[in-house]
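A short worksheet on the structure shown next.
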Amino acid sequence: WSLPLFQLFCVNSHGPLVFGPTVVGFCLADRILTSRLAVRERVAPLAVAWLAVCAACLFTPYGLRGTLHPLELFGWIGGAEPLFGVLELQNVGGYIARYGWQAALSDSLLWPAFAAFLLAAASFGGTRASSIGFGFRLMLFATFSWLGWQALRNLPFFALVAGYVTAWNVGELWE
């Protein structure tokens, strides 16, 4: 139940406030899709927590408008050309097309992101699709990989998630 309280802090401190409901929603989806009865019994409390996290998004001075603003921003990112001339709002493909692979691989932001992507993707190789949390990890990795590609400024969020997913996958392999 600390998640809604944490979301209250996030909603008033940074624009990507939609990450909270997204991450908790992925966890809920994983629990719903799993066939284990013991896990399904824990769906209701998580569903209530997800609704509380979503409701916490409304507790901003801007109300519903502030809650929907990140979704509006989401529609602006992802172009090959920098949005408003701001390089960090350009997608990774546009950056590579403009400056080339050599520049991308020597960029202190991009090469670690490429390495994190490859390491996280490889870490799925030995995991069991039937393991607890596999769907959650896969949804997180796929979504944040895509978001990381959409704008250079998203790469730190992607790297954080890629590290988390890699650690969980490797931990599962060592069990």
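The values are calculated or read from the model by the stated rules, or taken from the named source; none is laboratory data. In this text, all values refer to a predicted model and were calculated from it rather than measured experimentally. In case anyone asks, the SASA skips ligands and DNA or RNA and just uses the protein heavy atoms, side chains included. Shrake-Rupley method; radii C 1.70, N 1.55, O 1.52, S 1.80 Å.
Overview of values
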{"item": "Average accessible area per residue (Å²) across the chain - probe 1.4 Å, nucleic acids and ligands excluded", "result": "58"}
{"item": "CD proxy at 222 nm, helix term only [per DSSP H run n ≥ 4: -39500 (n - 2.57); per residue of the chain; nearest 500]", "result": "-22500 deg cm²/dmol"}
{"item": "Relative contact order (%) - criterion: Cα under 8 Å, at least six apart; region: the stretch 46-175", "result": "23"}
{"item": "Options (i) 17.4, 64; (ii) 17.9, 52; (iii) 15.6, 46 - which one matches Rg and Dmax of the Cα atoms in Å as calculated here", "result": "(ii)"}
{"item": "Solvent-accessible area, 1.4 Å probe, carbon plus sulfur percent, for the stretch 101-150", "result": "73"}
